[in-house]
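Contents: one structure, followed by commentary.
Derivation of every value follows stated rules applied to the coordinates shown; laboratory data play no part. Computed from a prediction, not measured in an experiment: that's the story for all the values here. Don't worry about glycine lacking a Cβ; one is built from the backbone with ideal geometry, like all the others, and counts go over all protein chains shown.
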Amino acid sequence: MEPRRPSESTSALTRWMGIEDANTAGYVHGGVIMRLCDEVAGIAAIRHCGMRVVTAGMDRMTFLDPVHIGQLVTVRATVNAAWRTSMEVGVRVESEHVRTREIAHTSTAYLTMVALDENGRPTRVPPLAPETAEEHHREQEAQLRRNNRLAEREAILHGRGVRP
Ligand SMILES: CC(C)(COP(=O)(O)OP(=O)(O)OC[C@H]1O[C@@H](n2cnc3c(N)ncnc32)[C@H](O)[C@@H]1OP(=O)(O)O)[C@@H](O)C(=O)NCCC(=O)NCCS
């Protein structure tokens with residue numbers, strides 16, 4: 001399989017937040033932002049592997065600042081790392097005040113997407129070919145998150161007396 005550069009699958013979506021996106025406090029509901037993250041991560045992953053993908057997990061989702069109704073939200077996704085059948089996609093969320101043009105970084109999320117074949121089974125994905133120093137750095141950090149995830153899973157199974 002031909003390696004693919006992160007820049008070949010980088011994806012972005014912009015949405016205008018309306019009343020239907022509000023929580024009871026009057027800000028944008030966190031679930032709306034999570035859904036957008038999942039959507040854009042899926043697009044980046046599909047562009048990387050050229051196959052159907054499913055979300056296997058969301059490793060982390062930070063909410064640094066509330067998003068207000070009437071603001072634009074832009075979600076940008078990049079494939080940080082690709083393993084056998086799974087990929088880590090990093091998503092950066094920014095809000096934009098349309099009149100002042102003030103932009104704020106409001107969330108970061110890391111999602112694991114798995115490629116599926118026509119029978120719905122996990123299938124191999126192309127390797128990632130990071131080019132820039134930042135892309136190499138992101139790949140190393142993704143590997144660290146994966147190692148931690150697998151170590152945690154093993155420790156929990158061990159604690160329950162289950163063999164992984
Ligand atoms: C994700 C899924 C396909 C994995 O199936 P599985 O039988 O566990 O397959 P495998 O054990 O072969 O694992 C496949 C890959 O998924 C990864 N994976 C499985 N569970 C994971 C989890 N909870 N978090 C992160 N990665 C996970 C494995 O590490 C493996 O990656 P690798 O091949 O790159 O090493 C399956 O659990 C599934 O279909 N889940 C439901 C997905 C879904 O409905 N998502 C929401 C809607 S899109």
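The helix-only estimate of mean residue ellipticity at 222 nm for the chain, built from DSSP H runs of length n ≥ 4 each weighted as -39500 (n - 2.57), is -10000 deg cm²/dmol after division by the residue total. Dipole check for region 1-146: with +1 at the C-beta of Lys and Arg, -1 at the C-beta of Asp and Glu, and the Cα centre as origin, the magnitude is about 220 Debye. Against the chain, whose longest principal axis is taken from its Cα atoms, helix 133-159 shows a tilt of about 70°. Only one residue of Phe63, Ser9, Gly50 has its Cα farthest out toward the positive end of the dipole of region 1-150, where Lys and Arg carry +1 and Asp and Glu -1 on Cβ, and that residue is Gly50. Note on region 109-164 and region 1-51: Cα centroid distance 19 Å, given to the nearest whole angstrom. Distance between the 7 Å Cα→Cβ label points at Ala151 and Ile19: 5.1 nm. About the centre of its Cα atoms, region 32-100 shows a dipole size close to 200 debye [charges on the beta carbon of Lys, Arg (+1) and Asp, Glu (-1) only; nearest 20 debye]. Using the Cβ-Cβ distance between Glu2 and Arg60 with R0 = 35 Å, the FRET efficiency computed as 1/(1 + (r/R0)^6) comes to roughly 0.70.
Between Ile69 and Leu116, what length in nm is gained on full extension when 0.36 nm per residue of separation is reduced by their alpha carbon distance?
Here the segment from Ile69 to Leu116 would lengthen by 13.3 nm.
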